[in-house]
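Laboratory data are not the source of any read-out in this text; all were calculated from the coordinates shown. Since this is a predicted model, take the numbers as computed values, not measurements. Here the Cβ is made from the backbone with ideal geometry for all residues, glycine too, and neighbour counts use every protein chain on show.
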Amino acid sequence: MHNHIRAGNKQPFMTKNIALVSLSTKISLADLAQTAAALQKQATRDLGPIWDVEATVDYFPDIKSIPHGYWPIIIAEDIEKPDIAGYHTDNNNQPYCMVKSDPSWQLTCSHEMCEMLVDPCGNRLVSASSIMPGRGKVSYLVEVCDPCEDASFAYSINGILVSDFYTRNYFDSVPVSGMRYSFTGSITKPLEIKKNGYLSWVDPINNQWYQATYFGTSIKISPLEGMKNVGASLRSKVDKLTKNPNQSKAYTAAAKGHKKKQLNIFASGISMSENISNEIMALIKPKQ
């Protein structure tokens, strides 16, 4: 990995390297390659300029093939314990993610990638006004996809559904007309929580964690218990404590609904590749 200095920014940053690996027999290397290409485009074109991150996304045939220094996103069939799925850190505090190989695994990979790139350690906090009246400033956990994580806000890259994410302006004090608060524009004002999304924060006055969830007909704010002695990663702990009853159903429905469009886009790519293949074969001298 190399250090770079972005124009106008004196602080060097390091290119982050993501490794996509499947342990599922249901996912082919072609599936992984197409997904890695879509995630690379999202990281470079969409997420990177907004959050000042630079990343590579590559796929590998198995875990032992992952080069040292890469952060794995591992897709597996047999994730029996719900708290195993999602973000984790290893014994050296290096991030990795576990994703279940259900019909929406590509969207989940995008969600996890965006959050891992913006906050690799899972402990990034931002100070902003509390959404609870009269509470002053609080520290919000940076989880760029969670307030708009519902599949209805996803968008397509190369025919693959990827997650919406909020921008830096999400934590602004006041709304500004024309400001972009999430990449797709689904979030229209600071600290907005969309249907099936959530937001977590700690109040520095009483050191109590809270969470606002929109899993029903309205937003509900409750103390987030279990955040004492968290350990290496705040986000990993929050993910384990947060149960969105609607996410799996919504993700699966969106993936199935998008499947026809995805196949049509893939078919266009196959047609183009066949044309290129024919051109190349005409230029290659046949073996005698």
nm² value of the averaged projected area, convex hull over the Cα atoms of the stretch 11-242 = 13.5
request  = Rank the residues C148, C121 as a footprinting-exposure proxy: fewest other Cβ atoms within 10 Å of their Cβ go first.
outcome  = C121, C148
query = If you take the beta carbon distance between K220 and K26 as r and set R0 to 35 Å, what does 1/(1 + (r/R0)^6) give as a FRET efficiency, to the nearest 0.05?
reply = 0.45
message = Taking the beta-carbon count within 10 Å as an exposure proxy, list M227, M116 from fewest neighbours to most.
response = M227, M116
inquiry  = Based only on other Cβ atoms within 10 Å, what is the fewest-to-most ordering of K237, K100, K189, K228?
reply    = K228, K189, K100, K237
ask   = Which distance in nm do the two modelled labels at S127 and K41 give, with both placed 7 Å along the Cα-to-Cβ direction?
value = 4.1
request  = Distance check, please: which entries in K100/K194; K26/K261; K64/K240; K64/K194; K64/K237 exceed 32 angstrom between their Cα atoms?
outcome  = K64/K194
